[in-house]
Amino acid sequence: MKLIFATNNIHKVGEIRNALNNEFEIVSLKEAGINRDIPEPHDTLEANATKKSMTIYHLTRQNCFSEDTGLEVDALNGLPGVISARYAGENVSFTQNVEKLLAEMQGKQDRKARFRTVISLIINGEETTFEGICEGTITNQPQGNNGFGYDPVFTPVGEVRTFGQMSMEEKQKYSHRKKAVDQLIQFLKEAKS
Ligand code: IMP
């Protein structure tokens with residue numbers, strides 16, 4: 001089965017292709033010839049994921065999915081959450097967002113946080129959603145250069161290293177995105193049988 005993945009984030013495409021293990025064909029927006037950024041205007045991951053997948057479905061009438069991910073930090077009342085991509089402002093770098101997060105977390109004892117991914121899948125015009133959560137803590141300093149976004153400052157429960165210090169395969173053992181994708185795979189397999 002071929003699915004359009006409604007994203008322009010090459011890191012996400014890489015992780016999801018790796019998680020899908022070639023069982024389904026993933027076509028990025030660029031590969032589908034769609035040159036546009038889809039806005040994320042809503043205040044929940046769920047609503048933004050639906051907006052992205054429905055936008056692409058209405059444009060192409062093809063099976064597709066989107067995902068929206070946020071880093072929810074307890075000591076910051078769930079921020080950056082749905083605004084994770086633009087925490088330090090519009091069009092900022094991953095480094096600027098990480099710097100803002102560490103500044104806001106300075107002196108905070110409670111370092112608990114989680115990545116939460118919501119996937120919205122559209123098959124024949126019908127939506128199904130999946131959620132994946134990875135619990136962990138925020139470090140005091142960035143560690144490692146692997147991955148993307150907040151990976152260098154997030155240590156998953158059960159590890160001493162950050163995602164930034166792990167290979168993609170190692171991150172997949174804990175990853176919020178992988179957990180959501182595994183449910184999507186299960187759903188598609190059951191739908192086929
Ligand atoms: P969005 O789902 O494209 O809105 O992503 C929000 C932001 O969360 C991204 O720009 C990244 O900074 C961050 N993010 C999403 N997924 C991950 C991840 O797996 N690791 C680290 N940061 C992530």
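The values are calculated or read from the model by the stated rules, or taken from the named source; none is laboratory data. Just so it is clear, the model here is predicted, and its values are computed rather than measured. Every residue, glycine among them, receives a Cβ derived from its backbone with ideal geometry; neighbour counts consider all protein chains shown. Keep in mind that these areas ignore ligands, DNA and RNA; they rest on the heavy atoms of the full protein, side chains included. Shrake-Rupley method; radii C 1.70, N 1.55, O 1.52, S 1.80 Å.
Some points to look at:
- Filter result for Asn91 (open to solvent by less than 40 Å² (accessible area, probe 1.4 Å), over 14 Å from the mean Cα position of the chain (by Cα), of a type in the set (S, T, N, Q) and farther than 30 Å from Gln186 by Cα): no
- Evaluating His11 against the criteria (1) open to solvent by 40 Å² or more (accessible area, probe 1.4 Å); (2) in contact with a helix residue (DSSP H, G or I) (Cβ under 7 Å, 6 or more places away or on another chain); (3) not polar (S, T, N, Q) leaves one unmet condition, (2).
- Positions within region 163-182 being part of a loop (DSSP other than H, G, I, E, B), open to solvent by less than 20 Å² (accessible area, probe 1.4 Å) and either more than 10 Å from the ligand (Cβ to nearest atom) or at pLDDT below 95 (or both), in sequence order: Met166
- Filtered residue count, region 62-74, keeping only those that are over 11 Å from the mean Cα position of the chain (by Cα) and either assigned to a strand (DSSP E or B) or free of Cβ contacts under 8 Å to residues at least 60 places away in the same chain (or both): 5
- Contact map, region 7-20: residues that are within 11 Å of the ligand (Cβ to nearest atom) paired with residues that are open to solvent by less than 40 Å² (accessible area, probe 1.4 Å), Cβ distance under 6 Å, separation 6+ or inter-chain. Pairs shown: Asn8/Leu29; His11/Phe148; Glu15/Arg177; Ile16/Val181.
- Pairs with Cβ under 7 Å, 6+ apart, first in region 167-183 and without any contact (Cβ under 8 Å) to a residue 60 or more places away in the chain, second open to solvent by less than 20 Å² (accessible area, probe 1.4 Å) and within 9 Å of the ligand (Cβ to nearest atom): Tyr174/Cys134
- Some residue of region 129-147 being of a type outside the set (Gly, Ala, Ser), touching a Leu at 6+ places or on another chain (Cβ under 8 Å), open to solvent by 30 Å² or more (accessible area, probe 1.4 Å) and under 26 Å from Asp37 (Cβ atoms): yes
- Some residue of region 32-51 being out of contact with any Leu (no Cβ under 6 Å at 6 or more places or on another chain), under 22 Å from Pro156 (Cα atoms) and not in a helix (DSSP H, G or I): no
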